[in-house]
1. Which pairs turn up if I take residues in the range 222-235 that are closer than 10 Å to L26 by Cβ and look for partners that are polar (S, T, N, Q) with beta carbon separation below 8 Å, at least 6 apart in sequence or on another chain?
2. Residue by residue through the range 224-255, note down the ones that are modelled with pLDDT under 90, farther than 30 Å from K154 by Cβ and buried (at least 16 other Cβ atoms within 10 Å of the Cβ).
3. Which one is farthest from the chain's Cα centre (by Cα) among residues in the range 176-191 that are within 25 Å of V114 (Cα to Cα) and assigned to a loop (DSSP other than H, G, I, E, B)?
4. Under the condition of being among the acidic types (D, E) and farther than 12 Å from L50 by Cβ, which residue from the range 83-107 is modelled with the highest pLDDT?
5. Would it be correct to say that L73 is over 21 Å from A249 (Cα atoms) and touching a residue at least 24 places away in the same chain (Cβ under 8 Å)?
6. S92: touching a strand residue (DSSP E or B) at 6+ places or on another chain (Cβ under 8 Å), in contact (Cβ under 8 Å) with a residue 12 or more places away in the chain and more than 21 Å from V236 (Cβ to Cβ), yes or no?
7. Run K161 past the list (1) under 16 Å from N202 (Cβ atoms); (2) in contact (Cβ under 8 Å) with a residue 40 or more places away in the chain and report the number of the one that doesn't hold.
8. Taking the range 117-145 as the search range and keeping residues that are modelled with pLDDT of 90 or more and β-branched (V, I, T), which one is farthest from the chain's Cα centre (by Cα)?
Amino acid sequence: MKGMILAGGLATRLRPLTWGTNKHLLPVYNKPMIYFPLESMKRAGVKEVLITSSSNHIGHFADVLRSGEEFGLTLYFGVQKNPKGGIADAISYAEDFAKEDNLLVVLGDNIFNVDLKTVVNEFEKNSKGAIVYGVKADTASRQYGVIEMDGSGKVVSIEEKPEKPKSDIAQTGIYMYDSRVFDFIRKLTPSDRGELEVSSLNNFYLEEGTLTCKLLDWWIDAGTSYDELLRANQMVAEKVKSGELSDAAEYKNRE
């Protein structure tokens, strides 16, 4: 399985913090934000990861992350031509990189601590399908897609930012796709927002009955607002001190 981290976008809600650099390079307690999804890729057993961002920021990632050797990964960097194209549009840039392999996609501002390795291993044994990750959230926080699932974990419906949610499960930014994902993306048309929506992409798998959902215990979308960035810093600090998350010692002695 190949890995992909989406680190684009304009991050207008975090200005002036993002005038100088990409939001995914902002600090979250003891590390740049993008270190967290990179560490999740490493734990999952992924070896090669494509990072996509805008043309004016991609060099910043190369400066900070270099080859990826510190993470035990081989990193590749790609430019998303249209930063407003949506998540599915960004995923399309991985087609030549992924070739016929399955793809693990994580949004660069997602912070979580679940080990994806077991699910990755299970997914690799299946011939086709997709997996999304969700987290239980109160109704007031519905700025995400909402997942409705049955008792077996199979997804019944996904709606993007619905006015009347059918469940309390918010779609996070962690996805696993088989190699057909790029064929499905080519069938998408832009939404009213002008984006190729990831929920629309996931609905192709839903319609054929091959989309399942896994739940996270906790998850932070750190790049959405000042408050969420602050919450991410506070939560990560607590979890580092408790030993649930690692400190930054292994990254301090770079030559």
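1. A222/N110
2. Hit for the range 224-255 is L245, nothing else.
3. S179
4. Restricting to residues being among the acidic types (D, E) and farther than 12 Å from L50 by Cβ, the top hit is D89.
5. no
6. So S92 does not fit the description; no.
7. Exception for K161: condition (2).
8. In this case the residue turns out to be T118.
The values are calculated or read from the model by the stated rules, or taken from the named source; none is laboratory data. Computed from a prediction, not measured in an experiment: that's the story for all the values here. Backbone-built Cβ (ideal geometry, glycine too); neighbour counts: all protein chains shown.
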